[in-house]
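Worksheet: the structure to be examined is printed underneath.
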There are 2 protein chains.
Amino acid sequence: MLSVAEARARIVGSLQPTGAEIVALAEASGRVLAAPVVARLAQPPHDVSAMDGFALRAADGAVGARLRVIGAAPAGHPFGGAIGPGEAVHVFTGSVMPEGADAVTAQEDAVSDDTSITLHEAVRAGRHIRRKGQDFHEGETLLEIGRRLTARDIGLAAAANHPWLAVHRRPVIAVLATGDEIAMPGETIPPGGIVSSNSHALAAFIRARGGVPIILPIAADDRAVIAATAEAASRADLLVTTGGASVGTHDLVQTGLGERGLEVDFWKIAMRPGKPLMFGHLGALPVLGVPGNPVSSLVCGLLFLKPAIERLSGLPGDAPPSEPARCTAALPANDHRADHLRATLARSADGVWDVTPFPVQDSSMLQRLALADALLLRAPNAPAEAEGAMVQVIRLAENGL
Amino acid sequence: MLSVAEARARIVGSLQPTGAEIVALAEASGRVLAAPVVARLAQPPHDVSAMDGFALRAADGAVGARLRVIGAAPAGHPFGGAIGPGEAVHVFTGSVMPEGADAVTAQEDAVSDDTSITLHEAVRAGRHIRRKGQDFHEGETLLEIGRRLTARDIGLAAAANHPWLAVHRRPVIAVLATGDEIAMPGETIPPGGIVSSNSHALAAFIRARGGVPIILPIAADDRAVIAATAEAASRADLLVTTGGASVGTHDLVQTGLGERGLEVDFWKIAMRPGKPLMFGHLGALPVLGVPGNPVSSLVCGLLFLKPAIERLSGLPGDAPPSEPARCTAALPANDHRADHLRATLARSADGVWDVTPFPVQDSSMLQRLALADALLLRAPNAPAEAEGAMVQVIRLAENGL
């Protein structure tokens, strides 16, 4: 059986980022840059005033000096002339510095009437001036390829005069749920059957991580049906199957797709929940088979599908970030499988996370997973830990789950 | 001047959640429930097998017992008959327990041929059975009103047989940028002007937080134009203006909207960056005026607009969560304004965040904000701190910024 890290590396290593597309700036938030954002202008574009006040020559800036106000330069309306000795121009935050001026006195540091000001504070050269290019220079690379764009980045790209950005196409990820026993919500449930939940949760997760989910029709437990349904998804960037990935008599995904040429890379991971994870290729289509039970399916989604989506989206595809927490319960020694205990988090008075695993960890219990805040990570063969030990956790909602 | 907390409380306290709408399950992720999700069935719907194996009577479960296999019950195809003494039925994970059976032996704990099995392990009553309703019971409330739905919640609602969910309508938030000096990206920039960035960044932030942004046309520095543009947004749930909220000669939002009946609740906060924050109402329309400079505008977005969007969306509207970090630099004593230092984060070897504020904190530097990971919080009149002091930070990307 592979380790979680090896399995992730093999999945991510076999995937290529999608191609680039051009999207409007307003649509680019959360997308991953496929070309750098280079400043098309300097910001600020000129030396500008950093205050509401008066632009003047520092040579005239002695306390008590009285200067003639020869005009105003509101933002967007630069002063047309030049400032000479004994002269000042009314400026505002962002106003272009008038020619001849080399300093600004703040409004509150001068007394003004309609035509003149008297300085209360000495003004030295350069005072209250924001220099051209202080934020960025024309031609400067502001945002690198492979960056997932934040709201701040969108503002920066706008300021750098980009109405369009080149980003990686959202990966299209088809989700195939199999099983004679499952029905879509609201539809007739077969005898002894249940309502499909994995495909809906996985689709929401895919969307939250920036992918485009396609929920394929539920495939009956029939190899030909499974194969035909999966082949309908051959133009997707990734096919995720749920259920049917273990070795039971009724686990038909591997055999059904195998007849169509599925090449299986691996199908067992030393982890709990979720041992029967399968990864392979059906022609050019990567196929990730996650277990059928809901908790395993979503834990595998977090550990393997998230990096896969990120890799397809132009990101490195790292493991979901873990962080330290203090365990409020003693933990038994672990066996050879990496364990992922469903747990709640609470901030303790000292600011550290307190993590409390649920006492029952049955992988069929979806409600328990929904109420969890994090997975508590237990390495293979980890020794027993006393209450209060520091452990690593992966937060769920924060990772799109 | 108000404190940050008082201002937030007054904003949030004046807002009401939007009404409910029905959306398809597939569209409900990230939305806030306006009605509880109640289980429409039990999960599992019957006692079911927890393993691939054989259902039998525990009375027959002695080591070495040989039982006749009278049928199979794959998932979705319950066994029609009943199990009698000396009989067993082949079952799979999730199979409905056949009538008469009260235990399951795992496949690996028995030797089977076509018609019979011999037990290798004793089987006690109840072994490997998942009881009806172990995950949830029919009629049980699974998800409460006011919960923001995760991908896991979508799976749980699906399992509970809900194809539709009642959620709060996405709040519509209009963004009005004012100023003669600003242009849309790619359009002609006026002399001495700059490209609009705040409205694009705020729109991306609003979308990331679950709102529907409307970017209004840029309003010239003219009271009538500002008022007319703002009034066109009267059906929005919130109007956000950027720029024009301070007291300079060219700050026309308050006067322009004032002529149309703007009632200002407050307009100064004891904070940096961002002192001139305005909140009020234009008729029934709440109006939040954030400063014009890009960093202040987005910091105010995080501190005030985020709780406002959450409140409109049906959530409490709490302050963005802060967490502890260790400061890698000494900090001077603070003045009477709460400070929000742009900073980078790195995990130290002991798992604690190390936070490093940028040495220059000019609020016009958008590139610096884009490269920041967090705001380092400095309370009003906070004393000086030595290098290594523990402080509180608010992470940016994790809060949608």
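For chain A, the share of DSSP beta bridges that are antiparallel, to the nearest 5, is 70%. Inter-chain Cβ neighbour count for B:358-368, averaged per residue, equals 4 (cutoff 10 Å, partner chain atoms only). Oblate is the label for region A:345-401, because a/c, from the alpha-carbon gyration tensor with a ≥ b ≥ c as root eigenvalues, is 1.5 or above and a/b does not exceed b/c. Overall, the accessible surface of region A:323-399 at a probe of 1.4 angstrom is composed of carbon and sulfur to the extent of 57 percent.
Each helix, a run of at least 4 DSSP H residues, gives -39500 (n - 2.57); summed and divided by the residues of chain A, these come to -4500 deg cm²/dmol at 222 nm. Just checking the listed ones, B:D373, B:D47, B:D354: in the Gaussian network model of chain B with Cα springs under 10 Å, the one fluctuating most is B:D47. Per-residue 3J(HN,Hα) values for region B:287-302, derived from phi via the Karplus relation 6.51 cos²θ - 1.76 cosθ + 1.60 with θ = phi - 60°, read 10, 10, x, 9, x, x, 7, x, 5, 4, 4, 7, 5, 5, x, 5 Hz in sequence order (x marks Gly and Pro).
Taking amide H atoms as placed 1.01 Å from N in the peptide plane, the amide H of A:A329 lies under 5 Å from those of A:G388, each 5 or more residues away in sequence or on another chain.
In terms of Cα atoms, the Rg and Dmax of region A:284-358 work out to 15.7, 52 Å. Hey, any idea what % of region B:1-47's accessible area is carbon plus sulfur with a 1.4 Å probe? Of all accessible area on region B:1-47, carbon and sulfur atoms account for 54 percent. Here the Karplus curve 6.51 cos²θ - 1.76 cosθ + 1.60, taken at θ = phi - 60°, turns the phi angles of region A:152-159 into couplings of 5, 4, 4, x, 5, 5, 4, 4 Hz, with x standing for Gly and Pro. Ascending distances from the A:V23 label point to its copies in the other chains, with the point 7 Å along the Cα-to-beta-carbon line: 1.7 nm.
Working from label points 7 Å from Cα in the Cα-to-Cβ sense, the A:R66 to B:S3 distance is 4.8 nm. For B:D354, nonlocal amide neighbours, meaning residues 5 or more places apart or on other chains whose placed amide H falls under 5 Å from its own, are B:R326, B:A346, B:R347, B:S348. In this assembly of identical copies, the label point of A:L371 (Cα plus 7 Å along Cα-to-Cβ) is separated from its counterparts by 4.7 nm, sorted shortest first.
For A:R31, the amide hydrogen comes within under 5 Å of the amide hydrogens of A:L149, counting only partners 5 or more places away or on other chains and with H modelled in the peptide plane.
In degrees between 0 and 90, to the nearest 10, how far off the longest principal axis of chain A does helix A:198-208 point, with axes built from Cα atoms? For helix A:198-208, the angle is close to 20 degrees. Sorting B:378-385, A:195-202 by average packing, meaning the other beta carbons within 10 Å per residue, from highest down gives A:195-202, B:378-385. Give me D for region A:86-171 in µm² s⁻¹, whole number, from Stokes-Einstein with Rh from the Kirkwood sum over alpha-carbon pairs, 37 °C and 0.692 mPa s. Translational D for this selection: 197 µm²/s. The convex hull around the C-alpha trace of region A:15-66, projected and averaged over every direction, spans 7.3 square nanometres.
Inter-part distance, region B:350-381 to region B:35-106, computed on C-alpha centroids, equals 60 Å. Taking every pair of Cα atoms in chain B, average 1/r, invert it to obtain the Kirkwood radius, and report Rg/Rh to two decimals. Radius of gyration over Kirkwood radius for chain B works out to 1.21. Principal-axis analysis of the Cα atoms of chain B puts helix B:4-13 at an angle of about 70° to the longest axis. Here is how far apart the A:A386 label points are across copies: 3.0 nm, shortest first, using a point 7 Å from Cα toward Cβ. Highest average first, the peptides A:113-123, B:184-194 ordered by how many other beta carbon atoms sit within 10 Å of their residues are B:184-194, A:113-123. Counting only DSSP beta bridges with both residues in the protein assembly as shown, the antiparallel share comes to about 70 percent.
With R₀ set to 56 Å, the beta-carbon distance separating B:A35 from B:H120 gives a calculated FRET efficiency near 0.60. Of all chain B residues, the one whose Cβ lies closest to the rotation axis that maps B onto A, given with that distance rounded to whole Å, is B:E398, 3. The ratio of the alpha-carbon radius of gyration of the protein assembly as shown to the globular-protein estimate 2.2 N^0.38 Å is 1.13.
Taking the three principal axes of the alpha carbon atoms in region A:269-401, the coordinate ranges are 52, 29, 27 Å, sorted in descending order. When you look at the Cβ of every residue in A:87-97, what mean number of other chain Cβ atoms sits within 10 Å? What the average comes to for A:87-97 is 3.
By accessible area, using a 1.4 Å probe on protein heavy atoms only, region B:48-130 has 48% of its surface on carbon and sulfur. With protein chains left intact and a 1.4 Å probe, residues in chain B average 38 Å² of accessible area per residue. Peptides A:330-337, B:82-89, ordered by how many other C-beta atoms sit within 10 Å of their residues on average, highest first, read B:82-89, A:330-337. Of the residues A:H90, B:H340, B:H46, ranked by 1.4 Å probe accessible area with the largest first, the sequence reads B:H46, A:H90, B:H340. What shape does region B:48-130 take by its C-alpha gyration tensor, where a ≥ b ≥ c are the square roots of the eigenvalues and a/c under 1.5 counts as rounded, a/b above b/c as prolate, and the rest as oblate? Cα axes put region B:48-130 in the rounded bin. Note on A:E27/B:Q16: beta-carbon distance plugged into 1/(1 + (r/R0)^6) with R0 of 30 Å gives a FRET efficiency of 0.50.
Here region A:48-130 carries DSSP beta bridges of which approximately 75% are antiparallel, counting only pairs with both residues inside. Take the accessible area of chain A alone and of chain B alone, subtract that of the pair, and you get about 5900 Å² summed over both chains, using a 1.4 Å probe.
Counting partner chain Cβ atoms within 10 Å of every residue's Cβ in A:199-212, what's the average? Counting other chains' Cβ atoms within 10 Å and averaging over A:199-212 gives 5.
The values are calculated or read from the model by the stated rules, or taken from the named source; none is laboratory data. Predicted, not measured: the structure shown is a model, and the values here were computed from it. Cβ: placed from backbone, ideal geometry, glycine included. Neighbour counts: every protein chain shown. Just so you know, the surface numbers come from the protein's heavy atoms only, side chains and all, with ligands and any DNA or RNA stripped out. Shrake-Rupley method; radii C 1.70, N 1.55, O 1.52, S 1.80 Å.
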